[in-house]
Amino acid sequence: MDFNLSLRRAIKTGNVVLGNNSVEKIVAENKAKLVIVAANAPDKVRAMLAKAENLKVYAFEGSSRQLGKECGRDHMISVLAVVDAGESDILTLAE
């Protein structure tokens with residue numbers, strides 16, 4: 001599986017939520033099928049994810065700047081949640 005291709009396909013064809021506050025809300029509502037977190041994500045984000053039960057988390061080895069680029073954005077993204085993968089196979093990361 002090509003992570004970059006799968007992530008972009010999920011963003012284009014599915015439902016992917018970006019940003020700390022939005023992801024926190026989705027996780028609280030138990031709607032996230034997978035959460036991807038950058039290596040340099042803030043401690044607040046990591047603490048929120050640690051408290052969540054039955055949550056599949058993938059640790060992206062790059063920085064939030066790199067994760068933003070992988071999402072096709074020109075800004076930092078420290079965390080994102082996949083609600084619906086669309087035509088992507090991104091959810092295989094959680095297996």
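Pick from SER64, SER78, SER22 the residue whose mean-square fluctuation is largest in a GNM of the chain, springs joining Cα atoms under 10 Å.
Checking each option, the largest mean-square fluctuation is seen for SER22.
Ranking MET76, MET48 by Cβ neighbours within 10 Å, fewest first, what do you get?
On the way: MET76 15, MET48 20.
If I rank by nearby Cβ atoms, fewest first, I get MET76, MET48.
Using 0.36 nm per residue, how much length does the chain from ARG46 to TYR58 gain when fully extended, once their Cα-Cα distance is taken away? Can you show the working numbers first?
Details: separation 12, 0.36 × 12 = 4.32 nm, distance 1.18 nm.
Going from the current span to full extension adds 3.1 nm.
Given the DSSP H assignment, sum -39500 (n - 2.57) over each helix run of at least 4 residues in the chain and divide by its residue total; what's the result at 222 nm in deg cm²/dmol, nearest 500? Please report the intermediate quantities before stating the final value.
Details: 4 runs with 36 residues, N = 95.
Result for the chain, helices only: -10500 deg cm²/dmol.
Around GLY14, under 9 Å between beta carbons, what's the net of Lys plus Arg minus Asp minus Glu among the other residues? Could you put the intermediate results ahead of the total?
Values: positive: ARG9, LYS12; negative: ASP84, GLU87.
Counting the neighbours of GLY14, the net charge comes to 0.
Considering only DSSP beta bridges whose two residues both sit in the chain, what percent are antiparallel, to the nearest 5? Write down the numbers at each step before the final one.
On the way: 8 of 12 bridges.
Looking only at bridges with both residues in the chain, the antiparallel portion is about 65 percent.
State log₁₀ I(q)/I(0) for the range 3-87 at q = 0.16, 0.26 Å⁻¹ as given by the Debye formula over alpha-carbon point scatterers of equal weight, solvent excluded.
The calculated log intensity ratios at q = 0.16, 0.26 Å⁻¹ are -0.53, -1.42.
Top mean-square fluctuation among ASN20, ASN30, ASN54, Gaussian network model of the chain, C-alpha springs under 10 Å?
ASN54
Considering only C-alpha atoms, what is the centroid distance from the range 7-25 to the range 68-95, in Å?
6
Values quoted throughout were computed directly from the atomic coordinates according to the rules given, and no laboratory measurement underlies them. Predicted model, so just to flag it, every value in this text is computed and none were measured. Every residue, glycine as well, gets a Cβ built from its backbone with ideal geometry; the counts of neighbours run over all protein chains shown.
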